[in-house]
1. Among the GluC sites (Glu not before Pro) in segment B:1-61, which ones are in a DSSP loop with at most 14 other Cβ atoms within 10 Å of the Cβ? Mind listing them?
2. When the Karplus curve 6.51 cos²θ - 1.76 cosθ + 1.60 is applied with θ = phi - 60°, which whole-Hz ³J(HN,Hα) does each residue of segment A:114-123 get, with x for Gly and Pro?
3. Which of B:172, A:225, B:243, A:209 has the fewest other C-beta atoms within 10 Å, and how do the rest follow up to the most?
4. Find how much the distance from residue B:245 to residue B:190 grows on full extension, using 0.36 nm per residue of separation minus their present alpha carbon separation; answer in nm with one decimal.
5. When a footprinting reagent is the concern and you count Cβ atoms within 10 Å, what order do B:185, A:231 take, fewest first?
6. For segment A:265-336, give the magnitude of the charge dipole about the Cα centre (Cβ charges: +1 Lys/Arg, -1 Asp/Glu; no others), in debye to the nearest 20.
7. Under a straight-distance cross-link criterion of Cα-Cα below 20 Å, which lysines are reachable from residue A:261, leaving out those fewer than 8 residues away in the same chain?
8. Within 10 Å of each candidate Cβ there may be at most 15 other Cβ atoms; applying that plus a DSSP loop requirement, which GluC sites (Glu not before Pro) in segment A:290-325 survive?
Amino acid sequence: MRALHWHRETASYADYADDEQTMTTFSIETRNLSRIFKLDRAARKESGRILTALDDLNLQIHPGELFGLLGPNGAGKTTSIRILCTLLLPTEGEAFIEGMDVVKDVWKVRRIINMVSGGETCGYGILNARENLRLFTELYGIPWRVAKPRIEYMLKVVGLEKFCGVRVNKLSTGLRQRLNFARGFTTDPKVLFLDEPTVGLDVHSARQIRSFIKEWVVDHPEKTILLTTHHMVEADELCDRVAIIDRGKVQVCDTPAALKKLVQKETALDLTIKGLDPLPDSLDELPGVQSLTTNRETDRQVTLVHALLTDPEAGGELIRVMTGNGRRLMGLETSQPTLEDVFVKLTGRSLVDNNVDAAERDK
Amino acid sequence: MTGRDEVGKVRFFMKVVVARAYVRVIGAQREMSWIIGDTLLPFLTVCAYIYVYRAMKAPPEYTGFVVLGGVIMTFWVHMLWSMAMQLFWEKEMGNMARYLMAPLPRPALLLGMALGGIIMASSRAVIIYLACRYVFDIHFHFNEPWLALSVFLVTLAALYGMGMTLSSLFFIAGRGINHGLMAMHEPVFFVAGFYFPVRRLGMLTATAAAAIIPATLGLDALRQTMLNAHDTGLISARLELAILSVMSVVFVWASVLMIRKMEELGRKSGKLVLSEG
């Protein structure tokens with residue numbers, strides 16, 4: 001059996017021999033995967049008795065691919081990863097890692113996977129950074145002579161070289177998150193799950209992590225990464241292909257460039273408005289405006305608006321309404337459509353708004 | 001399955017045991033605050049009972065009863081809070097998902113926690129024992145040293161086997177079990193006879209306590225073998241050793257079944273990790 005490998009440089013799959021015996025083994029595959037949670041009494045009042053976290057999820061990810069699952073909080077990204085990591089059973093459907101069933105071949109699957117959840121820390125505060133990484137490699141039976149160079153390398157990658165002898169309970173949350181990220185790579189997994197790996201990290205650290213992921217996939221073309229994120233820029237920058245997921249369903253799946261072509265007929269405008277006042281509701285009803293997403297920057301006291309226009313001439317009316325009531329336009333530029341625009345076009349909602357809603361619910 | 005595979009499996013098992021035990025052992029060395037909380041305070045409690053017995057002019061072996069009670073109590077408390085609650089703490093710390101996702105043998109994880117815990121608690125128990133031994137000039141008899149040693153080791157095996165089993169149960173029960181454990185403390189100290197010969201409770205109560213709390217039988221047997229307190233013993237020390245051996249096997253076997261069951265239930269319900277996304 002031969003696998004079909006993703007070629008990052010050409011953004012295509014390698015040709016394989018014209019042989020009847022040749023079969024495609026996906027690195028990760030889900031077939032009609034569903035997961036329903038029974039809710040506890042407190043949650044039932046708001047959401048009913050059950051919550052459908054995943055609904056007929058179908059994914060086919062090839063070996064060597066860096067595949068992104070992009071969606072707002074609560075879309076089902078983490079649930080998918082937990083099922084694929086053997087931590088959760090699906091309610092219906094099947095999932096396979098390197099052709100092995102995550103329900104039936106649990107132990108075989110566990111040998112070749114690892115997972116990093118951003119925003120989480122793990123390990124023991126009483127141990128130092130190096131000891132923690134060593135502990136986690138020992139749980140995979142990796143000999144110290146093999147683990148040691150990997151650990152030293154990863155400590156360097158995440159900038160913990162100077163702190164490797166410091167007890168973890170004396171490290172900042174950010175450093176502990178970076179240590180957790182390093183942990184995922186020290187076991188040299190064939191399939192790696194990165195669940196929002198840069199969430200909670202400062203801009204510089206997040207950039208470092210993203211650069212490392214990019215380098216790692218180039219250096220390890222046989223390894224597969226499934227990355228979940230609600231940062232469209234991250235998905236766009238890193239992923240070979242992206243599946244946009246919402247309410248447990250895949251809305252669309254393709255390369256970032258191909259996805260953005262879905263909204264290429266539209267014109268994207270980025271506007272900077274002075275002040276943080278709410279924008280008029282009538283904006284949503286303006287003809288020719290397909291979607292609007294806003295982001296308030298409190299430190300600069302400005303509101304950033306990203307608008308997707310089906311009719312470029314709608315831009316004038318948009319600016320007129322937006323700058324009424326003393327609001328001042330400080331900047332205007334046309335931009336390329338983003339994956340956010342794709343999400344909005346497909347779901348009618350914004351990734352950012354959904355995340356805010358989810359955060360409000362969590363409170 | 002070849003011999004090499006088997007050796008590899010055993011080596012992996014031992015590697016996990018040592019790796020997990022290391023956390024506890026190194027923790028005891030690096031956080032010395034336990035000397036106050038885990039040795040000085042229990043030592044003061046033991047002292048209080050010794051002074052009470054001496055003021056009442058109780059037979060001198062009662063002083064030894066209290067010291068041995070203090071030693072076994074150290075293991076009991078440690079087993080409950082650091083072994084039985086450990087899987088729950090691991091979940092709170094974010095480690096449980098990492099453990100369950102790894103291909104490690106689950107019993108090795110439990111055994112590592114237990115061994116590390118025994119080593120950690122032993123240092124506390126030895127300090128309490130030596131302090132009492134020399135402050136109060138208590139003389140222990142070691143007429144049957146191998147029997148005493150066997151009783152001690154098998155008591156620890158039964159105690160920590162119980163802890164290994166409870167760890168999965170407490171994991172499923174969640175945070176609420178904390179309050180249950182707190183409420184159980186004093187009644188267990190009482191029925192286990194940590195400060196007096198358990199036979200004084202009457203045969204029925206003492207037997208009932210011994211049937212569920214390995215510390216009761218272990219302590220009674222230790223008192224018989226180290227203090228020649230055969231008159232106050234519940235049953236013969238050898239019989240107690242035999243029962244404790246059976247309890248050890250049953251608890252360790254139950255712990256393997258329980259962690260398997262816990263993982264199965266957790267994967268079904270989604271409660272192996274902190275939150276759902």
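The numbers here are math on the coordinates, done by the rules we state, and not lab data. Worth saying up front: this structure is predicted, and the values here are computed from it rather than measured. Using ideal geometry, Cβ is built from the backbone for each residue, glycine included, and neighbour counts are taken over all protein chains shown.
1. Details: sites: B:6, B:31, B:61; in loops: B:31.
Here the sparse-neighbourhood loop sites are B:31.
2. Once rounded to whole Hz, the list reads 7, 9, 10, 9, x, x, 9, 10, 8, x.
3. Numbers: B:172 16, A:225 26, B:243 19, A:209 22.
Least to most surrounded, the residues fall as B:172, B:243, A:209, A:225.
4. Working: separation 55, 0.36 × 55 = 19.80 nm, distance 2.35 nm.
Working it through step by step, the gained length comes to 17.4 nm.
5. On the way: B:185 12, A:231 20.
Ordered by Cβ neighbours within 10 Å, fewest first: B:185, A:231.
6. Working: 7 positive and 12 negative charges, 60 e Å.
Approximately 280 debye in magnitude.
7. A:345
8. Working: sites: A:297, A:313, A:317; in loops: A:313.
Those that pass, being in a loop and sparsely packed, are A:313.
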